[in-house]
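The values are calculated or read from the model by the stated rules, or taken from the named source; none is laboratory data. Since we're looking at a predicted model, the values are computed, not measured. Heads up, the Cβs are rebuilt from the backbone with ideal geometry, glycines too, and the neighbour counts pull from every protein chain shown.
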Amino acid sequence: MKAAVLRAKGDLVIEEVRAPESIPQGYVRVKVGAVGLCGSDVHYYTHGRIGDFVLKAPMVLGHEVGGTIDGVGDGVELPVGAVVALEPGLPCGLCHPCRRGDYNLCAEVKFFATPPVDGALAEYVLHPAAYTFLAEGLDSKQAALAEPLSVGVYAVRRAGIALGMTVAVVGAGPVGVLTALAAEGQGGDVQLFDVRRDRVDQAAEMGFNAHLIETRPHRDYDVVIECSGSAGGLGFAQDHLARGGTLVLVGLGEEGDMQLNGLKISTRGWSVQGIFRYANTFPAAIHLIRRYRQRLEPFTQHGISVDQLSQYLAEKSYLRVLKTMVTF
Ligand SMILES: [Zn+2]
Ligand SMILES: [Zn+2]
């Protein structure tokens, strides 16, 4: 079968590798239909590392996966042929955060396309049934959105967003837009901000209340969700969070850019919630994709075949679209 292997920084090849034949107990074999290209895939391609995660050996890319079940191991009830979304992180299940339910914080997690774990940009992948979610009524591209949308679902949950709460989402890239969608799904009164005019326009076309960050709203928000990972975004968040509000940090930026004002946090009674990946979100994310499938079309309309991926990355063509779906 074909797999998209990152051999080293800037060196992606489509290799012929052995397809998984036997399926272990509790596992499914999935015929991969679509894999969303993520900022982290691009980062590994461009820099060969993300923070402490360094590419030391060839690794298959891809962690936003939709596909169809092609076979099941013993003890698995899932139907062959069903469209599924794969949760890409497999936690140990034994450590303290895991047992508390915060398995996104597991230090032993094996996560698709995080060195040294292979991702899912391959024709077939084996995956535990427990982390495989039926995406009834969706196609593979739509199902692949359950992963990035999970970040938004988790952020919205941790923020405690409820009906009518005012919410600002900073950053209208894929994660920001999907987070805004999740916040709307929860009944929040949501505004989306970005520095880029094209992103603001695109979000507005998708039905969001979107603005250039420089327009500086004359109001404060119950919740601000920072998705840009920039000093400017974090500054905006701290300028426009209401007293007693919740600041949610989703974007990962350079350490020097990610500075908080401790005095304001104290005197204004803010809660600060860090978000690292997500836990227990896939069914909710799939539900939201079903509900908002029309609005989500810009996320699924740019498909490339896996054979084009190397050139696509080299030419940075992904910069032109909100989300690239790699198909087989
Ligand atoms: Zn991703
Ligand atoms: Zn664990």
Test for Glu87: is it more than 21 Å from Gly274 (Cα to Cα) and touching a residue at least 60 places away in the same chain (Cβ under 8 Å)
no
Name the residues in the range 156-186 that are without any contact (Cβ under 8 Å) to a residue 40 or more places away in the chain and either among the aromatic types (Phe, Trp, Tyr) or over 28 Å from His302 (Cβ atoms) (or both), would you?
Ala162, Leu163, Gly164
Hey, any hits in the range 147-159 for a residue that's in a loop (DSSP other than H, G, I, E, B), in the same structural domain as His218 (by TED's automatic domain parsing) and crowded, with 24+ Cβ neighbours inside 10 Å?
no
Kindly indicate whether any position in the range 226-234 is modelled with pLDDT of 95 or more, farther than 30 Å from Arg320 by Cβ and in contact with a helix residue (DSSP H, G or I) (Cβ under 7 Å, 6 or more places away or on another chain).
no
Has the range 119-131 got any residue that is away from ligand 1 (no atom under 15 Å from the Cβ), assigned to a loop (DSSP other than H, G, I, E, B) and more than 30 Å from Asp307 (Cα to Cα)?
no
All positions within the range 86-99 that are within 16 Å of ligand 1 (Cβ to nearest atom) and assigned to a loop (DSSP other than H, G, I, E, B)
Glu87, Pro88
Which condition from (1) in a strand (DSSP E or B); (2) surrounded by 19 or more Cβ atoms within 10 Å (Cβ to Cβ); (3) more than 15 Å from ligand 1 (Cβ to nearest atom) is the one that Gly71 breaks?
(2)
Note on the range 100-118: residues of a type in the set (Gly, Ala, Ser) and either crowded, with 21+ Cβ neighbours inside 10 Å or within 16 Å of ligand 1 (Cβ to nearest atom) (or both) are Ala113
Before we move on, is Asp189 at negative phi, in contact (Cβ under 8 Å) with a residue 12 or more places away in the chain, surrounded by fewer than 23 Cβ atoms within 10 Å (Cβ to Cβ) and in contact with a Ser or Thr (Cβ under 6 Å, 6 or more places away or on another chain)?
yes
Can you tell me which residue within the range 63-76, out of those that are of a type in the set (Asp, Glu) and closer than 19 Å to Ser22 by Cβ, is farthest from ligand 2 (Cβ to nearest atom)?
Asp70
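Looking at Gly26, is it within 16 Å of ligand 1 (Cβ to nearest atom), modelled with pLDDT of 95 or more and in contact with a Pro (Cβ under 9 Å, 6 or more places away or on another chain)?
no
If you check Val80, Val5, which single one turns out to be in contact with a Leu (Cβ under 8 Å, 6 or more places away or on another chain) and away from ligand 1 (no atom under 16 Å from the Cβ)?
Among Val80, Val5, only Val5 is in contact with a Leu (Cβ under 8 Å, 6 or more places away or on another chain) and away from ligand 1 (no atom under 16 Å from the Cβ).
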Would you mention how many residues in the range 7-60 are among the aliphatic types (A, V, I, L, M) and closer than 16 Å to Lys316 by Cβ?
3
Just the residues that are of a type in the set (Val, Ile, Thr), without any contact (Cβ under 8 Å) to a residue 24 or more places away in the chain and surrounded by 15 or more Cβ atoms within 10 Å (Cβ to Cβ), please, taken from the range 250-307.
Ile265, Ile304
Could you pull out the residue among Gly39, Gly66 that is within 16 Å of ligand 1 (Cβ to nearest atom) and surrounded by fewer than 20 Cβ atoms within 10 Å (Cβ to Cβ)?
Gly39
Thr246 vs (1) under 19 Å from Ser40 (Cα atoms); (2) touching a residue at least 40 places away in the same chain (Cβ under 8 Å); (3) of a type outside the set (Asp, Glu): all pass except (1)
